[in-house]
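The values are calculated or read from the model by the stated rules, or taken from the named source; none is laboratory data. The shown structure was predicted, so the numbers you read here are calculated from the model rather than taken from an experiment. Quick reminder, even Gly has a Cβ in these numbers, built from the backbone with ideal geometry, and neighbours come from all protein chains shown. Protein only, heavy atoms only, side chains kept; ligands, DNA and RNA dropped before computing areas. Shrake-Rupley method; radii C 1.70, N 1.55, O 1.52, S 1.80 Å.
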Amino acid sequence: MRDLRKAVFAVLFLFGYCFPMLAAEREQGTGSEKLPEHPRLLLLKGEEKNLKKRIGRDSVWTEIHGILLKEADRCLTLPVNERIKTGRRLLDVSRDNLKRVFLLSYAYRMTKDKRYAARAEKEMLKAASFEDWNPSHFLDVGEMTMALAIGYDWLYPVLSSETKAVLEEAITEKGLKQSFVEPYNWFVDAGHNWNQVCHAGMAYGALAVWEKDRELARRIVDRAIEKISVPMSHYGPDGAYPEGVGYWDYGTSFNVMFLSAIEKIFGTDCGLGEIPGFLKTGEYVLHAVTPALRNFPYSDNGSRSGMCAALFWFYDKTGDASILYNQARLFRKEGMRSIERLAPAMLIWGASASLSDPVEPQTSFWKAEGDNPVVFMRSGWKTDREVYLGVKLGSPKVNHGHMDVGSFIFEADGIDWAVDLGMEKYDRLEQKGVDLWNMKQDAQRWDVFRYNNFAHNTLAFNEKLQNVNGKAEIGETSDRADHMYVVSDLTPVYAGQAESVRRSFSLVGKRYGVIEDEIVSKDRFTKMTWTLVTPAAVTVVSDKTVMLEKAGKKLFVRVEGPEKITWNIRPAVSSYSYDSPNEGVSIVSFDTDLERGAKQKIRVCLLPDENKEIDYRPVL
């Protein structure tokens, strides 16, 4: 019912607000007449001067600007990208082209050094000569079109008429027109990152070569304004991105590239930025990064965090400097460890922020309802040794989802004690013949080791999979500093396996984690398996306690409740050759036989340093 209300809202919002506004803009001539002269995308002609001033006011931005120029220098030395596919994707080439062209175009506009423009022109002409941009995997087309659009627009004053004609033809024929071809254009109505990336790429192409075919360009921009609202509605109500942090970076970055472009050109984003939850999503990424600066990598995501241009757009729109807190810490810790392909936009949107003097967030507890509800709690923000408990609820059926409902990660003293293994390499799985994108209950996807509930910090009953159609919501919560917690009813995810399953997650006294389970079993034999995935060394201390050790630190995992449990400690290794080896990672689990048709409570305490009693009031 909630999803239906969300969809109805999105449609009413779009037709009641966005389209009338765009129509009004057109009546004034902005939608159908003349667009600003080139450059018109993100940074208008002449705006370089003010950008240089803003960069020069902050030592960190000055350093980042210098890093980008050095990377542009490195691009001058590289061979031109060839059309080389990896499996069914050309995406690596498209992404690298976008990075190169954007950086080189930025370097030219900021320095007027024609070497950068000439090298970008060479890269674009080579891409334009490709037989196609691999429309069967349309993300490749979306990113390549954006690459050439930015280069064409930003370098327009210095490109020859011959080069402009070649690029216009390539953008139109290999980019824009392909987005109307079935079956390539299934992304148009998608509710996930494909929609955001592809519509943004097509819109950039249309806005860049607007004068070549205005009717085609208008159709594409109109379509993007209408359809990008679909995935944007899934940020509601609180800002959590259903596909996780890494895909947030992907989908959201292209989404705000689109919003920034149309607002710069038309003077409005047609109200899209006001879709409930969207402007709050910068908070989601802030809280989903641990004190030791790791992402909570649930679903198809990784734990490595980095500088992210999109967060600076949200700062620019909300004025909330605290959402850049981890960005400042990341830069201070490791600089620009890797330079993302949209990095120049970071300066365009964020150079008014001070990364030299970051603003500490005010809350240590954050929750978000939505397609995949999450809760993040921490002892504080002062150091990378704070205690952190991240909770993943929701459903396995969400795009890129895993059977990780009721799972968690736990970090203390800078050590990642309980982890999520994150994503697998798609290409390797696909080349092995794995039916990866079928998400039905009996699909082969759930044979992948990292995807099922047996390799996540959650439960299993009689070694059965979670129900892909089930969903766990956020129940009772507390944001008290001495006892933060969330309760969730996991019963829908274990339908048919138990009468009821409730789980609570607590951060106690800013030091300890406690996981409580309340199970009402069916009137039959039921074995419950409780699992924790860890990169630490594991030692059994007693019948109910194991000790984890890593980097000279200890964590005790103590079980309370069941009369008898059986520990199972094994490497996180699969019997399938297509799975990652997960070296150095162990699965620590225990089995217990539940009483038939009875309620049973199980409590697991996560105790850094000492196996001692704690002052804890049960939640369940």
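Distances over 35 Å make up what percent of all Cα-Cα pairs in the chain? For the chain, the fraction of Cα-Cα distances above 35 Å is 42 percent. Note on LYS49 and ASP593: the model spin-label points, each 7 Å out from Cα along the C-beta direction, lie 8.3 nm apart.
Our coupling estimate for segment 524-538, obtained by passing each phi through the Karplus curve with A = 6.51, B = -1.76, C = 1.60 and θ = phi - 60°, is 6, 4, 9, 9, 9, 10, 9, 10, 9, 9, 9, x, 8, 6, 10 Hz, Gly and Pro reported as x.
Accessible surface for the chain, divided over its residues, is 37 Å² per residue with a 1.4 Å probe. Across segment 470-620, Cα pairs under 8 Å and at least six residues apart give a relative contact order of 25 percent. Cross-link reach is defined here as a Cα-Cα straight distance under 21 Å, omitting same-chain residues fewer than 8 places apart; for LYS34 the lysines meeting it are LYS45, LYS164, LYS212, LYS264. Distance between the C-alpha centres of segment 331-372 and segment 154-214: 29 Å, rounded to the whole angstrom. For a straight C-alpha distance cut-off of 25 angstrom, the lysines reachable from LYS553 (same-chain residues fewer than eight places away being disregarded) are LYS333, LYS382, LYS510, LYS544, LYS612.
Among VAL285, VAL221, THR318, flag the residue with its Cα farthest along the positive direction of the charge dipole of segment 215-341, charges on Cβ as +1 for Lys/Arg and -1 for Asp/Glu. Positive-most Cα among the choices belongs to VAL285.
Subtracting the Cα-Cα distance of GLU499 and THR539 from 0.36 nm times their residue separation leaves 11.0 nm of extension gain. The helix-only estimate of mean residue ellipticity at 222 nm for the chain, built from DSSP H runs of length n ≥ 4 each weighted as -39500 (n - 2.57), is -10500 deg cm²/dmol after division by the residue total.
Computed extension length for GLU63-GLU274: 72.6 nm, one decimal, from 0.36 nm per residue of separation with the Cα-Cα distance subtracted. The H on the amide N of HIS483, modeled in the peptide plane, is under 5 Å from the matching H of GLY509, each at least 5 residues off or on a different chain. Charge tally around LYS382: other residues with Cβ under 13 Å, Lys/Arg +1 each, Asp/Glu -1 each, net +1.
Highest mean first, the peptides 399-410, 383-394 sorted by other C-beta atoms within 10 Å per residue fall in the order 399-410, 383-394. Helix 193-208: angle to the longest alpha-carbon principal axis of the chain, degrees 0 to 90, nearest 10? Value to nearest ten degrees: 10. Loop-located GluC sites (Glu not before Pro) in segment 538-590 (DSSP state not H, G, I, E or B) with no more than 15 neighbouring Cβ atoms inside 10 Å: GLU563, GLU583. For the chain, the longest principal axis of the alpha carbon atoms and the long axis of helix 214-227 meet at an angle near 20°.
The H on the amide N of THR458, modeled in the peptide plane, is under 5 Å from the matching H of THR531, each at least 5 residues off or on a different chain. Which one of THR566, THR534, ILE602 has its Cα pushed farthest toward the positive end of the charge dipole of segment 509-620, where Lys and Arg give +1 and Asp and Glu give -1 at the Cβ? Looking along the dipole axis, the top candidate is ILE602. Per-residue packing, averaged as other Cβ atoms within 10 Å, sorts the ranges 493-506, 183-196, 567-580 into the order 493-506, 183-196, 567-580, beginning with the highest. Entry note, segment 159-266: relative contact order of 30 percent, from Cα contacts under 8 Å with a spacing of 6+ residues. Each label point was placed 7 Å from the Cα along the Cα-to-Cβ direction; for SER136 and LYS212 their separation is 2.5 nm. To the nearest Å, what is the center-to-center distance of segment 250-291 and segment 503-574, using C-alpha atoms only? So the separation of the two Cα centres works out to 39 Å. Once the Cα-Cα distance is subtracted from the 0.36 nm per residue extended length, the ILE569 to ASP316 segment shows a gain of 86.2 nm.
Our summary gives the chain a relative contact order of 10 percent, counting only alpha carbon pairs under 8 angstrom and 6 or more residues apart. Straight-line cross-link partners of LYS550 among the aspartates and glutamates, defined as a Cα under 19 Å from its Cα and at least 8 positions apart when in the same chain: ASP384, GLU386, GLU411, ASP413, ASP416, ASP420, GLU583, ASP609, GLU610. Inter-label distance, LYS425 to SER354: 4.5 nm, where each label sits 7 Å from its Cα along the C-beta direction. With semi-axes defined as the square roots of five times the eigenvalues of the C-alpha gyration tensor, the equivalent ellipsoid of segment 309-414 measures 27, 19, 14 Å, largest first.
As a fraction of the 1.4 Å probe accessible area of the chain, surface on carbon and sulfur atoms comes out at 49 percent.
For helix 161-170, what angle does its Cα long axis make with the longest principal axis of the chain, in degrees from 0 to 90 and rounded to 10? The angle comes out near 40 degrees.
Listed values for segment 556-571 are Karplus-derived 3J(HN,Hα) couplings in whole Hz (6.51 cos²θ - 1.76 cosθ + 1.60, θ = phi - 60°), namely 9, 10, 10, 9, 10, x, x, 5, 9, 10, 10, 6, 10, 10, 8, x, and x replaces Gly and Pro. R0 = 35 Å: FRET efficiency of GLU583 with ASN611, Cβ-based, nearest 0.05? Efficiency at R0 = 35 Å is approximately 0.80. Packing-based ranking of 40-51, 145-156 yields 145-156, 40-51, ordered from highest to lowest mean Cβ neighbour count within 10 Å.
For the chain, the dipole from Cβ point charges (+1 on Lys and Arg, -1 on Asp and Glu) about the Cα centre works out to 860 debye, to the nearest 20.
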